[in-house]
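Student: Encoded as structure tokens, here's the structure I'll be asking about.
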Amino acid sequence: MNRFNEVKDLILELEGDFDKFYDKKNQAAGTRVRKGMQELKNLAQEIRVEVQDIKNQG
């Protein structure tokens, strides 16, 4: 469950930047959103590989 919490924490961290970008049109916040989404993608891939490895072991 720790990995799931990492995903939730990352999304919560990005919430303010999403608001600033979409509602207030802050371009710097958009850059932070893109960076955060890339981190989320990488984290999701790591979790996917980990789940597959555990599944194949059992």
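The values are calculated or read from the model by the stated rules, or taken from the named source; none is laboratory data. What you are looking at is a predicted structure, and each value in this text was computed from that prediction instead of being measured. Neighbour counts are summed over all protein chains in view; Cβ atoms, including those assigned to glycine, are modelled from backbone coordinates with ideal geometry. Each accessible area value is taken on the protein alone, full model and side chains, heavy atoms only, with ligands, DNA and RNA left out. Shrake-Rupley method; radii C 1.70, N 1.55, O 1.52, S 1.80 Å.
Student: Picking from 25, 20, 41, which residue would you name as being on the phi > 0 side of the Ramachandran plot and of a type in the set (D, E, K, R)?
Tutor: 25
Student: Same structure, new question: How many residues are open to solvent by less than 90 Å² (accessible area, probe 1.4 Å) and among the charged types (D, E, K, R) if we restrict to segment 32-45?
Tutor: Of the residues in that region, 1 qualify.
Student: Okay, moving on. Being more than 18 Å from residue 1 (Cβ to Cβ), part of a helix (DSSP H, G or I) and open to solvent by less than 100 Å² (accessible area, probe 1.4 Å) is the filter here; which residues of segment 11-31 pass it?
Tutor: 14, 16, 17, 18, 19, 20, 21, 28, 29, 30, 31
Student: Only residues in segment 35-49 that are over 15 Å from residue 5 (Cα atoms) count as the first member; pair them with residues that are assigned to a helix (DSSP H, G or I) and open to solvent by less than 60 Å² (accessible area, probe 1.4 Å), Cβ under 9 angstrom, at least 6 apart or cross-chain, and list the lot.
Tutor: So the pair list comes out as 36/10; 36/14; 36/17; 37/14.
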